[in-house]
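Data first, discussion second: the structure below is written as structure tokens.
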Amino acid sequence: MLKYIVSAFTLAGCNMVTNETRTISTEVLDTIKTRPAKLDAKPLLFEAAFIKGTTHQVKDARINFYGVTIGQLKVSSGYIVACDPAHIDEYGIPFTQVFPTGEFPVQLAIAKLGEQETIAFARISFSNEPVVKWEFALQEGQSPIPVGGKKKHGYSVDLGLGMFADKDAAQALDKTNLTEDDAPLYKEMDQHYHHNWRYTVHNFGRHNLAIFSSGYGDGFYASYIGFDAGGKPCRLVTDFGLFDWGIQ
């Protein structure tokens, strides 16, 4: 079920500064402590990976998971952008789903193998309500397709990074701050560097955005919306493709 996991941990630092030139942060991580009331919606891993103590056995390797909250995303319009920051002009198209407005926690599910770690999933949690179904997050012109099928919607990554931002923030952002390797934004990320993953919640004006390492680097990654029993969106998750989770 685990897809290229050893290679994933080996390559997690692709397109990033090496360990020798980057200092591992000593910050105390805000580990997720809230557990869902129940895990019903498949794939279960979309929720379980954020729960500390979740493990996954693959041959002789036991993968351990824990989740961290990296900050609060400001959602002003209710329309969310998820993309590689370097391709915001191409893939920075808001999802058609209208999400709640306000400030909501951005959380990362960390997969750990020995001393190596990588980000398996990133999400915005809009409420603590249990997820009863998952659907692809769609952009304008995209048609619904089954979760777990051969086809998927998503975005390409070439910078080894993913991001979440409100549409208003994406429009207000100085794009040169996303395309220059030595831009203050990326130096800010280096202050939150851990074992082969890093992040920041970057504030500018009335807006902010969340940027984080995209699993083991470049690829094509899908985002999914979790809906609660009342039909309201309660999660937005980006899957960085470490696992062939399927729908069993």
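No lab work stands behind these numbers, since they all come straight from the coordinates. The structure presented is a predicted model; accordingly, all values stated were derived computationally and were not measured. All Cβ positions, glycine included, derive from the backbone under ideal geometry; neighbour counts span all protein chains shown.
Each residue of the chain gets 121 Å³ once the volume of the Cα convex hull is shared out per residue.
One chain, two ends: residue 143 and residue 158. Fully extended at 0.36 nm per residue, the span grows by 2.9 nm beyond their Cα-Cα distance.
Remark: relative contact order (the chain) = 27 percent; criterion is Cα-Cα distance under 8 angstrom and separation of 6 or more residues. Full extension of the chain between residue 116 and residue 174 gives 17.5 nm of extra length, using 0.36 nm per residue less the Cα-Cα distance. For the pair the stretch 186-202 / the stretch 67-119, the C-alpha centres are spaced 14 Å from each other.
Given the pairs 59/151; 74/167; 42/133, which span a C-alpha to C-alpha distance of over 18 angstrom in this model?
59/151, as the Cα separations exceed 18 Å there.
The stretch 209-228 and the stretch 159-183 have Cα centres lying 15 Å from one another. Straight-line cross-link reach from residue 150 at under 18 Å between alpha-carbon atoms covers these aspartates and glutamates, not counting any fewer than eight positions away in the same chain: 135, 239, 244.
In this label model, residue 232 and residue 30 are separated by 2.1 nm, measuring between points 7 Å along each Cα→Cβ vector. Remark: spin-label model distance residue 44-residue 132 equals 2.0 nm, labels positioned 7 Å along the Cα→Cβ axis. Each label was represented as a point 7 Å from its Cα along the Cα-to-Cβ direction; for residue 22 and residue 61 these points are 1.9 nm apart. Under 5 Å from the amide H of residue 243 lie the amide H atoms of 3, each residue being 5 or more positions distant or on a separate chain, with H modelled from the backbone and absent for Pro and chain starts.
Based on every Cα atom in the stretch 24-63, Rg and the maximum pairwise Cα distance Dmax equal 13.1, 37 Å.
In the stretch 182-246, the alpha-carbon atoms span a convex hull of 140 Å³ per residue.
Here the Karplus curve 6.51 cos²θ - 1.76 cosθ + 1.60, taken at θ = phi - 60°, turns the phi angles of the stretch 80-96 into couplings of 10, 10, 10, 5, 6, x, 5, 10, 4, 5, 8, 9, x, 9, x, 5, 6 Hz, with x standing for Gly and Pro.
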